[in-house]
Amino acid sequence: MKNSRINEVIEFVKKYYKIISVVLIVLMLPLIYLFVYSTGGIKYVYSHSMYIPILLAGIIIGPKFGVFIALSAGILLGPLMPIDTVTNEPQIVVNWMYRLVIFMIIGFTSGHAFHKIKMSKQRIDELMSHNQETNIPNTNFLKRIPSILKNDEYSLMTVLINNHNNIIDVLGTDIYHILLNQIYTELTSNLKDRTLIIQSDSNKLWVMKPYLDLTNDAKYILSILNKQWIINDIPLYVDFSIGATHVEHGFDLMNLDTFESADNSARYAQLNNISYMIHDENKLRKKSDYALLATFKHALETNQTFLTYQPKIDLNTMKPYGLEALIRWHHPEKGLIMPDSFIPLVEETKLIHLLTDWVLTNTLYKIKAFRALGIEVPISINVSAKNLYDPFFFERVMKNINSSGVDKKLIKFEITESVLMINPEESKNVLEKLVKHGVLIELDDFGSGYSSLAYLTQFPISTIKIDRLFMQKILINSQVRQIVKSAIQLSKDLGYKVVAEGVETAEVLDVLKEFNCDYAQGYYFAKPIASEEIEDWYRKALQP
Ligand code: C2E
Ligand code: CA
Ligand code: CA
């Protein structure tokens, strides 16, 4: 309560300080006159007090007011002031005129000098708070927020220019800077007052506008931005991503943390190829996830990632008949990272294409390494939804396999049923093309979704892999046991081969054998094996 009163007073003084100063300075004149008069007249030292209002007038208000106050002061201490109040003897004209001139010089110079200092400070502030190349306010500008944005709700939007590197590469930084400035001008002229736009990075703007509704605000910004940009007669394609978040109080915007959620949302939109993303605590990844993702491409390129191979066992012969390639990441600081901690992140981005290409390439090497030892080993790799629905996936895969010279029947793709269900028609198309060219498909994690085997028959699948959750319960839950039994039976009736994954004990293995399961995979036989050891392991396991 008390604080807000003080704040109100401060606000009032800030707003009216010039008027208040003028009144106070003018009031000082008669007071000082009376003071000088009552202390004995101009011949005593107290007359020098008159410099105070003259200097204040110059400094606070400016040179003109300084001269005006000096003139008034000169007259008050001139013809209107005796040399000595006891004798009432008047001053010689030259004396008080001379004083008056000195007063005026002081009033003017103090005012002028201060005005100069103020102007250059303003100029420096202006320079410091604007981006040199684009002339758009930068983060230093945030200090000025209280005078621009009031204590209202705001929509804060991070606008990313996704293809800025490309624009710079093709057209150069000068054109790019002109573009940024045009974008800024376009935004400011469309958005009404009480908005603020800041360039916080070479490819990033923060737009703050009064809050209406995040979705509409983001769409509105997009509608301004989605136009044909033309710089020096060159039409430019500019790709934007927007992240929007709600800010409850205007002055929260002085705090840089506020911008993090908008930035993260924009990054999310960018990575997922969508035009805008509204901040949602639950949907967004942690900051550390972004940091991890940011280094992933480099990790792939520098082989921080590596493959391990888990054998699949033929339950008739109890010998291995193939391998599954499983990726790992040896992070320079975090150590070993398992796929469950980074695959879901990578899958949300286009990086999953690089990952799968990398896995395929390395798997093809491994198949060739086995071939050099005279062993023919089929290896399966895991394929994500984004891969399957990537229009270039099929061509890329085929090119990769063909140029490796590996027999196509040796490379298999594991695809989960949930991936197929995203777009059954489209998945059917791609799978049929793959199968036609000799690549076999295994249905991964069967039973973890809801689709029935009968429904799955429309897809050209060769093998069904029963989810490892079932193996964990098969011994203790008779219902699960029954489900596995029927799943194996039905799959075989439909002409599929069946693999059980996650087999950890001999007891589970016995049950599977009893149900006539074809293949199994699990820690009971082998954990995923390092690339350096897999050939040895395999060769030994094949021996009688
Ligand atoms: P998934 O395809 O179902 O792979 C089987 C996972 O179960 C592997 O975990 C494997 O190490 C583990 N596992 C094998 N036998 C047993 C067992 O007896 N008991 C238990 N409890 N687990 C067993 P991992 O290697 O951590 O991989 C986890 C998931 O990450 C994989 O599940 C797969 O969805 C994904 N993943 C792994 N590598 C790749 C890859 O190269 N590309 C893609 N897209 N996904 C991958
Ligand atoms: Ca798998
Ligand atoms: Ca699986």
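The values are calculated or read from the model by the stated rules, or taken from the named source; none is laboratory data. Small disclaimer: the values here were computed from a predicted structure and weren't measured. Here the Cβ positions follow ideal geometry from the backbone for every residue, glycine too, while neighbour counts run over all protein chains shown.
Can you confirm whether ILE483 is away from ligand 1 (no atom under 12 Å from the Cβ), aliphatic (A, V, I, L, M) and assigned by TED's automatic domain parsing to the domain that holds LYS412?
Values: away from ligand 1 (no atom under 12 Å from the Cβ): yes; aliphatic (A, V, I, L, M): yes; assigned by TED's automatic domain parsing to the domain that holds LYS412: yes.
Against the criterion (away from ligand 1 (no atom under 12 Å from the Cβ), aliphatic (A, V, I, L, M) and assigned by TED's automatic domain parsing to the domain that holds LYS412), ILE483 qualifies.
Return the pair list, or none, for Cβ contacts closer than 9 Å from residues in the stretch 325-348 that are more than 6 Å from ligand 1 (Cβ to nearest atom) to residues that are of a type in the set (Lys, Arg) and part of a strand (DSSP E or B), at least 6 apart or on different chains.
Close Cβ pairs (under 9 Å, with a partner that is of a type in the set (Lys, Arg) and part of a strand (DSSP E or B)) amount to LEU336/ARG328; ILE337/ARG328.
For the stretch 259-276, which residues satisfy the criterion of being over 15 Å from ILE161 (Cβ atoms), modelled with pLDDT under 85 and touching a strand residue (DSSP E or B) at 6+ places or on another chain (Cβ under 6 Å)?
Within the stretch 259-276, TYR268 is the sole residue that qualifies.
Does any residue in the stretch 24-35 that is assigned by TED's automatic domain parsing to the domain that holds ALA57 and within 15 Å of ILE59 (Cα to Cα) come within less than 6 Å, Cβ to Cβ, of a residue that is of a type outside the set (S, T, N, Q) and at pLDDT 95 or above six or more places away or on a different chain, and which pairs are these?
Once the first residue is assigned by TED's automatic domain parsing to the domain that holds ALA57 and within 15 Å of ILE59 (Cα to Cα) and sits in the stretch 24-35, its partners that are of a type outside the set (S, T, N, Q) and at pLDDT 95 or above give ILE25/PRO53; ILE25/LEU56; ILE25/ALA57.
Let me confirm something: among VAL430, VAL419, VAL383, which residue is hydrophobic (A, V, I, L, M, F, W, C), more than 16 Å from ligand 3 (Cβ to nearest atom) and either on the phi > 0 side of the Ramachandran plot or touching a residue at least 12 places away in the same chain (Cβ under 8 Å) (or both)? Outline the logic, then answer.
Numbers: VAL419 fails: more than 16 Å from ligand 3 (Cβ to nearest atom); VAL383 fails: more than 16 Å from ligand 3 (Cβ to nearest atom).
Sole residue among the options that is hydrophobic (A, V, I, L, M, F, W, C), more than 16 Å from ligand 3 (Cβ to nearest atom) and either on the phi > 0 side of the Ramachandran plot or touching a residue at least 12 places away in the same chain (Cβ under 8 Å) (or both): VAL430.
Can you tell me which residue within the stretch 493-510, out of those that are modelled with pLDDT of 95 or more, in contact with a helix residue (DSSP H, G or I) (Cβ under 7 Å, 6 or more places away or on another chain) and closer than 20 Å to ILE441 by Cβ, is surrounded by the most Cβ atoms within 10 Å (Cβ to Cβ)?
Here the residue is ALA500.
Is at least one residue of the stretch 288-310 more than 30 Å from ALA506 (Cα to Cα), within 15 Å of ligand 2 (Cβ to nearest atom), aliphatic (A, V, I, L, M) and touching a Leu at 6+ places or on another chain (Cβ under 9 Å)?
No, because not a single residue in the stretch 288-310 is more than 30 Å from ALA506 (Cα to Cα), within 15 Å of ligand 2 (Cβ to nearest atom), aliphatic (A, V, I, L, M) and touching a Leu at 6+ places or on another chain (Cβ under 9 Å).
Is it the case that some residue within the stretch 469-485 is within 15 Å of ligand 2 (Cβ to nearest atom) and out of contact with any helix residue (DSSP H, G or I) (no Cβ under 7 Å at 6 or more places or on another chain)?
Checking the stretch 469-485: at least one residue is within 15 Å of ligand 2 (Cβ to nearest atom) and out of contact with any helix residue (DSSP H, G or I) (no Cβ under 7 Å at 6 or more places or on another chain).
Only helices (runs of 4 or more DSSP H) wholly contained in the stretch 347-452 count here; list those with 3 or more residues that are within 16 Å of ligand 2 (Cβ to nearest atom) and not charged (D, E, K, R). Don't jump to the end; show me each part of the working.
On the way: elements: 351-372, 385-388, 393-404, 417-422, 424-436.
Output list reads 351-372, 385-388, 417-422.
Determine whether the stretch 113-134 contains at least one residue that is part of a loop (DSSP other than H, G, I, E, B) and of a type in the set (Asp, Glu). Lay out the reasoning, then the answer.
Here is the first cut: in the stretch 113-134, the ones part of a loop (DSSP other than H, G, I, E, B) are 129, 131-134.
Right, trim to of a type in the set (Asp, Glu) and you get 133.
There is at least one residue in the stretch 113-134 that is part of a loop (DSSP other than H, G, I, E, B) and of a type in the set (Asp, Glu).
Of the residues that sit in the stretch 373-428 and are away from ligand 1 (no atom under 16 Å from the Cβ) and acidic (Asp, Glu), which one is nearest to PRO528 (Cα to Cα)?
Among residues in the stretch 373-428 that are away from ligand 1 (no atom under 16 Å from the Cβ) and acidic (Asp, Glu), the one nearest to PRO528 (Cα to Cα) is GLU376.
All but one of (1) assigned to a helix (DSSP H, G or I); (2) surrounded by 18 or more Cβ atoms within 10 Å (Cβ to Cβ) hold for ILE461; which doesn't?
Single failed check for ILE461: (1).
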